[in-house]
Amino acid sequence: MLHKREASEKKGGVRAYLKAILVELNKGLQPVRVGNDVIVGDIRMPKSTFYELIDLLEEVGLIYKEDGKYYWRWKKEYQEFKTLEEYKVRLEHSKELFKECYIPPFSSELIPPRFEDENLLQHLKTGYPDIYEERNKCYSSYCEKVESIALKVKHGEPLKGWCNLCPKITIGR
């Protein structure tokens, strides 16, 4: 007789299901329904389990659905904030990170910016993975793209992603 965990591992289990969902979210998850099951990547799982996991990820604000596909929230072209105060805190944090890159702040006239700050790189890696990858391929192109992000921050758009210095914001219930 198999224990619950052993039986679960033999047929995939919630860990395998969640892993398949998380991997597919990177490119846009579009589940394929087959009877009472759903296929995600190469994993077949019960439809009820799939939607319980999806509902949980949506509930905590990690994913969203658009045109029948699920995506990571940070892949959105725009950001959503629960309050004006949250927006202001995140914008100020973003501006501070870019001030560290420029001498004088937000002016690249004489000295080229330094886009190697550890915390800025964390934001790029988690919020702009395509630009972060560009860093190793073509540094001048990477700098141009980060310059455009800096301009957006200067004009009121907080950075996507997160870093170790990000303010922890909690909204009272």
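A few comments on the model shown:
This table checks each residue for (1) modelled with pLDDT of 80 or more; (2) buried (at least 18 other Cβ atoms within 10 Å of the Cβ).
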{"site": "Y87", "(1), (2)": "yes, no"}
{"site": "S94", "(1), (2)": "yes, yes"}
{"site": "P129", "(1), (2)": "yes, no"}
{"site": "K168", "(1), (2)": "no, no"}
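- Count of region 113-127 residues which are among the basic types (K, R) and buried (at least 18 other Cβ atoms within 10 Å of the Cβ): 0
- Residue check, Y142 more than 21 Å from L165 (Cβ to Cβ), aromatic (F, W, Y), modelled with pLDDT of 85 or more and in the same structural domain as G28 (by TED's automatic domain parsing): no
The values are calculated or read from the model by the stated rules, or taken from the named source; none is laboratory data. Just so it is clear, the model here is predicted, and its values are computed rather than measured. Using ideal geometry, Cβ is built from the backbone for each residue, glycine included, and neighbour counts are taken over all protein chains shown.
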